[in-house]
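One structure is given below, encoded as structure tokens.
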Amino acid sequence: MASKTLAIKPQKRTFGQWATSRDGQKVFVMIAFMVIPLLLLFTFTYLPFAEMFGFSFYNMKYIGARKFVGLKNYVKVFQRDDCFGALKLSLYYMAGSVVQLALSLYLATVLSFKVKGGSIFKGFMFFPYLINGIAIGFIFKFFYTRGFVFDTVLQWCGFELDNLPYWLKDQSINNFSLVGTSVWRYFGQNMVLFIGAIMSVDGELYEAAMLDGANRFQQFKYIILPSIKTIITLNVILSITGSLSAFEPPYVITSGANGTGTYFVIMHEIAHTQQKVGLAAAMAIVLLMIIFVATILQKLFFKYVFKSADDEDLNATLKRDKKLAKMAARKAGK
Amino acid sequence: MTILQKICKYLLVFLKYFSLVFFSFVAVLPVVSCAITAFKTDTEYQRTNVMVLPESWLNFDNFVQAFQKANMARAFMNSVIILVCVLVVSVFVGTQLAYVLNRFKFPGNNLIRNLFLFATLLPGVAMQVSVYEIMTNLNFVNSLFGYIVMMCGTDVISIYIYIQFFENISVSLDESAIVDGASYFTIFYKILLPLLKPAIVTSCILKGVGTYNEYYSANLYLQDKKKLPTVATSLYTFVGPLGSKYNLICAGVIISLLPALILFITCQKQIYSGLTSGAVKG
């Protein structure tokens, strides 16, 4: 490591004057330790961010001449059917994330109490989260193929194959199929997060509640729900922004065909296949703006909601903001 | 307890286990059906329904073929190289940054924290539109080194795990070392870094799974699929002419998720606690 070799220098230089050496060393350590991460952050986050803003005013490809076109790209984003219209698909993903949150909350509650084989169930449900995206693409292409896994299972349940739709081709159903895969992938992970939150609740509360004769549902409503509402809120916020930027399921399973192209799938196509970088950059900026506005509005909304609750002080709000960003990082990492 | 209450209670227990079994089944079914098909020969695959069990569970032909066709030996090698480099670099970079941000008060400390936080709000796919331009300019496209550098740069979550962990390590430890005349580098490497081990394990698992599974940027920046496949992108071999040979594809898929499965079985506890410690405790 570069910093290790650098370390010798200030020691030699500063042994004489104790007071100044500490300060000098401090500055030196700070620079040595922060220069790489900040450089990386700048190169791969803020520089591209600034560049993208610039690109959005040009008619350009990655290589070759660029032409300044002003706001034309932005106008196009709103005019072209395939661009802005694709945001409608987010509604499917929002619906999916509501189902996902409810489901994982239910399962987390069940698994937080004594259950036989609990860790096995938990493991089964969590594992999909660890599978790589492209493998998921193949798994579900296979899963939904006519007469294959899903159809077979439905036939076991008494459905006729002739009455079943083509899960990935039929435009009335294929977005639900895709949302299903995303729920399948993440409900276990959400569940583990919720279990963690529920476990951090003081166990004595349950005992006290039991003594008072509260049943499971009452325990859930009056103990669990209030103490994990912060993390639920976070997940709600994240799921809305996540739905706006839904990308993976259509990208790996249908490549956006048959009306499954979400906003980002189309943006990816425009940027990397059609090489209309300017337009794609404008699309990205527009969606970023929408996400920011949505995030701020939701934060204000929840702040307002929580203001009435007595256990939320300023500190907790700050903490929530931090957590929000952290969870966002996790989602982005996916 | 009346009979009605008893019935109610048993019904609830039944519902509880039914839902658990049902959703576990849903979670496992797609993968298991894939595994079933992976063991079938070509004729068997064409004749039998996908949910019919294979004749022999020892038919590894598909795995061997998939492994060779998708050049997976090379892919695993590349993935391991990427994984090791990214993990080593991000452990050092992340812990160092967290150390400075947590232990030193200086103007701009909060600004830097906020810069990292804000970066998390930018959706990755959108950023790649212009990151691609930068990668092209740096000559990082189709270069393993460039890809590794980029993967190290998108690491925010572990920094937060580290900062959180530093908050729980008493500052008096640093102070006593300073009194003993240790330099900041010694304090960091000799005293604090060993204490950080649990946090490092946690963040390595999370980051490792993410890096191993990353296929979007791998696909974008490691375009030379012959020389630079990763495990995730090597599966692209099966797009196209091989696209309907699902017994082969499924074998490839199963191979690709074996490492994750092994890691999951061995480090289940750390994975769970890593996920929750990052998100729950604040």
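The table below lists the values:
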quantity	calculated
Meets criteria (more than 10 Å from every other protein chain (Cβ to nearest Cβ), in a helix (DSSP H, G or I) and either open to solvent by 80 Å² or more (accessible area, probe 1.4 Å) or among the β-branched types (Val, Ile, Thr) (or both)) for B:Ile36	no
A:Asn132, sole failed condition from (1) more than 7 Å from every other protein chain (Cβ to nearest Cβ); (2) touching a helix residue (DSSP H, G or I) at 6+ places or on another chain (Cβ under 7 Å)	(1)
Number of the exception - A:Tyr263 against (1) open to solvent by 10 Å² or more (accessible area, probe 1.4 Å); (2) within 13 Å of another protein chain (Cβ to nearest Cβ); (3) at pLDDT 85 or above	(1)
The stretch A:243-258: number of residues that are more than 9 Å from chain B (Cβ to nearest Cβ) and in contact (Cβ under 8 Å) with a residue 60 or more places away in the chain	7
Unique residue being modelled with pLDDT under 90 and farther than 22 Å from B:Pro229 by Cα when the list is B:Val171, B:Val125	B:Val171
Identity of the residue in the stretch B:172-184, part of a helix (DSSP H, G or I) and within 14 Å of another protein chain (Cβ to nearest Cβ), that ends up surrounded by the fewest Cβ atoms within 10 Å (Cβ to Cβ)	B:Val179
Answer from A:Gly123, A:Gly137, A:Gly147 - the residue that is more than 7 Å from chain B (Cβ to nearest Cβ), out of contact with any Gly (no Cβ under 6 Å at 6 or more places or on another chain) and closer than 22 Å to B:Leu261 by Cα	A:Gly137
Elements of type helices (runs of 4 or more DSSP H) contained in the stretch A:39-148, each with 2 or more residues being open to solvent by less than 70 Å² (accessible area, probe 1.4 Å) and more than 30 Å from B:Thr48 (Cβ to Cβ)	A:47-55, A:72-79, A:81-84, A:90-112, A:118-126
B:Gly124 vs. criteria more than 7 Å from chain A (Cβ to nearest Cβ) and within 21 Å of the chain's Cα centre (by Cα)	no
So B:Ser24, is it open to solvent by less than 100 Å² (accessible area, probe 1.4 Å) and facing chain A (nearest Cβ under 7 Å)	yes
Test: residue in the stretch A:181-189 that is free of Cβ contacts under 8 Å to residues at least 40 places away in the same chain, assigned to a helix (DSSP H, G or I) and open to solvent by 10 Å² or more (accessible area, probe 1.4 Å)	no
Positions within the stretch A:168-180 being out of contact with any Phe, Trp or Tyr (no Cβ under 6 Å at 6 or more places or on another chain) and not in a loop (DSSP other than H, G, I, E, B), in sequence order	A:Asn174, A:Phe176, A:Leu178, A:Gly180
Helices (runs of 4 or more DSSP H) enclosed by the stretch B:185-282 - at least 1 residues per element that are surrounded by fewer than 21 Cβ atoms within 10 Å (Cβ to Cβ) and charged (D, E, K, R)	B:197-213, B:246-279
Odd one out for A:Gln275, checked against (1) open to solvent by 20 Å² or more (accessible area, probe 1.4 Å); (2) over 29 Å from A:Ser177 (Cα atoms); (3) assigned to a helix (DSSP H, G or I)	(3)
Residue count, the stretch A:196-209 (criterion: open to solvent by 10 Å² or more (accessible area, probe 1.4 Å) and part of a helix (DSSP H, G or I))	9
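The values are calculated or read from the model by the stated rules, or taken from the named source; none is laboratory data. These numbers come from a predicted model, not from an experiment. Glycine also receives a Cβ, built like all others from the backbone with ideal geometry; neighbour counts cover every protein chain displayed. For the accessible areas, the whole protein counts, side chains as well, though only heavy atoms, and no ligand, DNA or RNA atoms are used. Shrake-Rupley method; radii C 1.70, N 1.55, O 1.52, S 1.80 Å.
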